[in-house]
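J.: Got a structure here, written out as structure tokens. Questions coming.
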Amino acid sequence: MPGDPDSAHRAFRDREGRAPAVESVGERLLGTLLDRAHLIPPRLVGPLVAQELRRAGVEEVAVLLQDVDQVELHPLTGAGLSGEPVPIADSPAGTAFATDEAVDEPLGDGAVRLHLPVLDGSDRVGVLSLLLRRPTDADRRLAQRAAGLVADLLVTKNAYTDTFARVRTRQPMTLAAQLQWQSLPPLSMTTPDVDLSGILEPAYEVGGDSFDHALDDHVLHVAVFDAMGHGLTAAAMATLVLAGYRHGRRRDLTLAEVYREMDQVVGQTFPGRFATGQVARLDTETGQLCWVNAGHPPALWVRGCRVVGELTGRASRPIGFGGEDPEVHTVALEPGDRVLFLTDGVVEERLEGGEQFGEARLRELLEQTAREGLAAPETVRRLSHALMAARSGRTSDDATLLLVEWKGPPRDDELTPDVPEATPTGSVSR
């Protein structure tokens, strides 16, 4: 993988206004992927990536995708691709996935297997693993950029194929779970202002829980729902609640108005049934968090490494049983504060012997992950897996977690790209 992707060759014109005579290795690699991306069929995404990386000097290429319940990474297959399933909890590739950072696996004689997180923005897609001989800093930069482009290819093509879903699905999924998963937003989002991540369990059988989020200007919208019952009816109602929430949110209704609209549609469509939930908005400039609790368990409030309280206050009636003006609650967060929204299946699930998992146990685990400094996606992954392990993989109810961290006021001035001064027509900028 010789050559520097930051070479002056990448420019459209050199300082004298002449087109470059040759492409650098990085230009050729990234350019070929970009040139062919719009027409390449999904089945050939992996082989194309492998082909171009090998031409750039990489000896082995593996594209690993996380399974639905985020326990293992599984490889794409095809010409030029290698790799085998590996656990996230105990492998170099899994460490790259869990930490969102590149991980070196030394192989001797200067050779390194480089594991790079494949991120769509900040949503974790999987890991790109490459075998390199004595990689330079330039090689690493190019590999990092290639991983970003691979993420874009996978996410774009995933919109009209089942190829990648089949790699990620390791056991049969119920129809209710299929309905729930296809309605979810990306599981994670990271910006300089906020971190957010959610997870559903049991991943292959979930049927009534759901969550949503959206970041508009300086307002973060979040919601968690738990529809009455289990199976397909609960999943259909949860999907309707989610659609009603988005419908109101996108029309800039207030939280109270969104609640009343969801309540009306559930009452009309599923008479006698209900869903609990919380809908909230975070002002990312001030840290003010407002929410409506519709008969739902209170969220946990974390500051530093301690759970400092719950987001309490009078709860409104469940969605579908409303008919009242909901109460909107407000609290002021400090930079670094986290809020964990959850459904009752997290704390009420019975462990072997009949004991409930319990809020105290959840608080302890939440504080432990805070002390370890884990990012939001890894925090919810570990919390969810700790719950599943405690109940030996058995479940009688859905369990959903949605963790939000407010990092502090926006720093847009630090993110604005430098724009060179305009150059008069016919002259060359120097």
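The values are calculated or read from the model by the stated rules, or taken from the named source; none is laboratory data. What you see is a predicted model; the values in this text were computed from it and never measured. For neighbour counting, all protein chains shown are included, and Cβ atoms are generated from backbone atoms with ideal geometry for every residue, glycine included.
J.: Is there a residue in the stretch 311-326 that is touching a Ser or Thr at 6+ places or on another chain (Cβ under 7 Å) and exposed (fewer than 14 other Cβ atoms within 10 Å of the Cβ)?
T.: There is at least one residue in the stretch 311-326 that is touching a Ser or Thr at 6+ places or on another chain (Cβ under 7 Å) and exposed (fewer than 14 other Cβ atoms within 10 Å of the Cβ).
J.: Checking the conditions here, which among LEU149, LEU232 is closer than 22 Å to VAL346 by Cα and assigned to a helix (DSSP H, G or I)? It would help to see each step written out before you state the result.
T.: Numbers: LEU149 fails: closer than 22 Å to VAL346 by Cα.
Criteria check complete, one pass: LEU232.
J.: Out of all the residues in the stretch 188-214, which are among the hydroxyl-bearing types (Ser, Thr, Tyr) and within 15 Å of the chain's Cα centre (by Cα)?
T.: First, pick out the residues of the stretch 188-214 that are among the hydroxyl-bearing types (Ser, Thr, Tyr): 188, 190-191, 197, 204, 210.
Within the stretch 188-214, SER188, THR190, THR191, SER197, SER210 meet the criteria.
J.: Only one of these is part of a strand (DSSP E or B), small (Gly, Ala, Ser) and not assigned by TED's automatic domain parsing to the domain that holds GLY198: ALA93, ALA98, ALA89, ALA62. Name it. Please lay out each step first, then the result.
T.: Values: ALA93 fails: part of a strand (DSSP E or B); ALA98 fails: part of a strand (DSSP E or B); ALA89 fails: part of a strand (DSSP E or B).
Of the residues listed, the single one that is part of a strand (DSSP E or B), small (Gly, Ala, Ser) and not assigned by TED's automatic domain parsing to the domain that holds GLY198 is ALA62.
J.: Here's something else I'd like to know. Confirm whether GLN144 is part of a helix (DSSP H, G or I) and of a type in the set (S, T, N, Q). Outline the logic, then answer.
T.: Numbers: part of a helix (DSSP H, G or I): yes; of a type in the set (S, T, N, Q): yes.
Yes; evaluated as a whole, the condition is true for this residue.
J.: Something else now. State the number of residues belonging to the stretch 188-198 that are surrounded by fewer than 20 Cβ atoms within 10 Å (Cβ to Cβ) and of a type outside the set (Ser, Thr, Tyr).
T.: 1
Every residue, every condition in (1) under 18 Å from PHE97 (Cα atoms); (2) surrounded by fewer than 20 Cβ atoms within 10 Å (Cβ to Cβ); (3) within 16 Å of the chain's Cα centre (by Cα); (4) of a type in the set (Asp, Glu), yes or no:
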site	(1), (2), (3), (4)
ASP137	no, yes, no, yes
GLN144	yes, yes, no, no
GLY148	yes, yes, yes, no
ASP152	yes, yes, yes, yes
GLN171	no, yes, no, no
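J.: Say we look at the stretch 70-86 and pick out the residues that are assigned to a loop (DSSP other than H, G, I, E, B) and crowded, with 21+ Cβ neighbours inside 10 Å; which of these is modelled with the highest pLDDT? Write out each step before concluding.
T.: So the first thing to find is which residues in the stretch 70-86 are assigned to a loop (DSSP other than H, G, I, E, B), and the list is 70-71, 76-85.
Applying the additional criterion that residues be crowded, with 21+ Cβ neighbours inside 10 Å yields 70, 76.
Details: GLN70: 91, LEU76: 95.
Looking at the filtered set, the residue picked out is LEU76.
J.: Taking the options HIS213, HIS221, name whichever one is touching a Leu at 6+ places or on another chain (Cβ under 6 Å) and modelled with pLDDT of 95 or more.
T.: Within the list HIS213, HIS221, the selection yields HIS213.
J.: With respect to VAL206, determine if the residue is assigned to a loop (DSSP other than H, G, I, E, B) and crowded, with 24+ Cβ neighbours inside 10 Å. Break it down into steps so the answer makes sense when it comes.
T.: On the way: assigned to a loop (DSSP other than H, G, I, E, B): yes; crowded, with 24+ Cβ neighbours inside 10 Å: yes.
For VAL206, the condition - assigned to a loop (DSSP other than H, G, I, E, B) and crowded, with 24+ Cβ neighbours inside 10 Å - is met.
J.: Does VAL49 satisfy the criteria of being modelled with pLDDT under 95, buried (at least 20 other Cβ atoms within 10 Å of the Cβ) and either polar (S, T, N, Q) or farther than 26 Å from GLU201 by Cβ (or both)?
T.: Yes, satisfied.
J.: With GLN182, GLN288 as the choices, which residue is over 20 Å from VAL404 (Cβ atoms), surrounded by fewer than 17 Cβ atoms within 10 Å (Cβ to Cβ) and assigned by TED's automatic domain parsing to the domain that holds PRO335? Walk me through how you get there before you give the answer.
T.: Working: GLN288 fails: over 20 Å from VAL404 (Cβ atoms).
Result of the check over GLN182, GLN288: GLN182.
J.: Is it the case, given these coordinates, that VAL103 is over 21 Å from SER197 (Cβ atoms), at pLDDT 95 or above and in contact with a strand residue (DSSP E or B) (Cβ under 8 Å, 6 or more places away or on another chain)? I'd like the intermediate steps shown before the answer.
T.: Working: over 21 Å from SER197 (Cβ atoms): no; at pLDDT 95 or above: yes; in contact with a strand residue (DSSP E or B) (Cβ under 8 Å, 6 or more places away or on another chain): yes.
Answer is no for this residue.
J.: Another question, if that's okay. Only one of these is over 25 Å from ASP100 (Cα atoms), in the same structural domain as PRO335 (by TED's automatic domain parsing), buried (at least 24 other Cβ atoms within 10 Å of the Cβ) and β-branched (Val, Ile, Thr): VAL219, VAL265, VAL224. Name it. First the steps, then the outcome.
T.: Values: VAL219 fails: buried (at least 24 other Cβ atoms within 10 Å of the Cβ); VAL265 fails: buried (at least 24 other Cβ atoms within 10 Å of the Cβ).
Exactly one residue qualifies, and that residue is VAL224.
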